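Let me begin by presenting the structure, written as structure tokens, before commenting on it.
What follows draws every value from the coordinates through simple rules; no lab data is involved. Remember, predicted model here, so these are calculated numbers, not experimental data. Heads up, the Cβs are rebuilt from the backbone with ideal geometry, glycines too, and the neighbour counts pull from every protein chain shown.
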Amino acid sequence: MCFYSALSTAGATRIKKEWDINGDLITGNFNGFEHPTTSVLTATNLKQILSMEWGLLPHWAKDRSFQKSTLNAKWETCNSKPSFKEAHRCLILADSFFEWQWLDLKGKYKQKFELTLPNHCPFAFAGLYDEWWNPQAKHKLFSYAIITTEAQGIMREIHNSKLRMPIIVHREDHKAWLQGKTITPLLDIQATPINFSTQLSFWTP
């Protein structure tokens with residue numbers, strides 16, 4: 001699962017400089033359940049930053065009612081599930097994401113972790129996006145889902161309830177991913193405990 005991510009100002013600066021791309025990046029902490037607009041790359045132009053809303057709405061959707069259910073797409077089923085099977089691949093830009101480790105069997109107590117790459121290097125989540133016509137606002141809306149897979153490595157210890165993790169795409173695999181090729185998720189993830197709280201309402205959707 002991946003419902004909380006972030007892109008720092010420093011990360012955005014590194015992306016523009018080191019990845020040689022154009023456009024303004026959106027920085028901040030992102031709560032997927034609020035459907036924030038974040039920065040995305042697509043196969044149309046790998047050098048141009050686009051802005052899309054988190055929570056994929058397929059082009060055939062009548063309204064936004066099920067958007068909270070499409071924040072993530074399971075890699076194992078995204079090619080067959082109606083919400084995702086006609087979507088296009090994309091890359092969602094970030095430099096960290098957040099998960100809560102269960103400290104007891106029922107998840108009453110949890111430890112929050114920030115997950116990053118070494119040296120807080122910015123990265124891209126594998127994603128799917130689609131174009132939807134908003135009948136109320138009378139304009140097109142581009143939205144995405146982050147693709148998840150079975151947790152591996154340290155993520156099996158952190159996300160120890162659902163055992164899922166987002167797919168992070170190696171920098172050298174960006175083009176291959178967007179072209180529809182199979183890639184190996186990046187696993188060099190570092191976990192930093194942030195705070196501990198028994199009051200969980202601040203994050204639970």
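The table below lists the values:
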read-out: Ranked packing of 144-152, 8-16, 57-65, 96-104, most packed first, by mean Cβ within 10 Å; value: 144-152, 96-104, 8-16, 57-65
read-out: Within straight-line cross-link reach of K112, lysines at Cα separation under 30 Å, skipping those fewer than 8 residues along the same chain; value: K16, K68, K74, K162
read-out: Sum of -39500 (n - 2.57) over DSSP H runs of 4+, divided by residues of the chain (222 nm, nearest 500); value: -2500 deg cm²/dmol
read-out: Residues of type aspartates and glutamates that K17 reaches as a straight line, Cα spacing below 14 Å, ignoring anything fewer than 8 places off in the same chain; value: none
read-out: Relative intensity, log₁₀ I(q)/I(0), of the range 94-197 from a Debye sum that treats every alpha carbon as a point, q = 0.21, 0.24 Å⁻¹; value: -1.08, -1.26
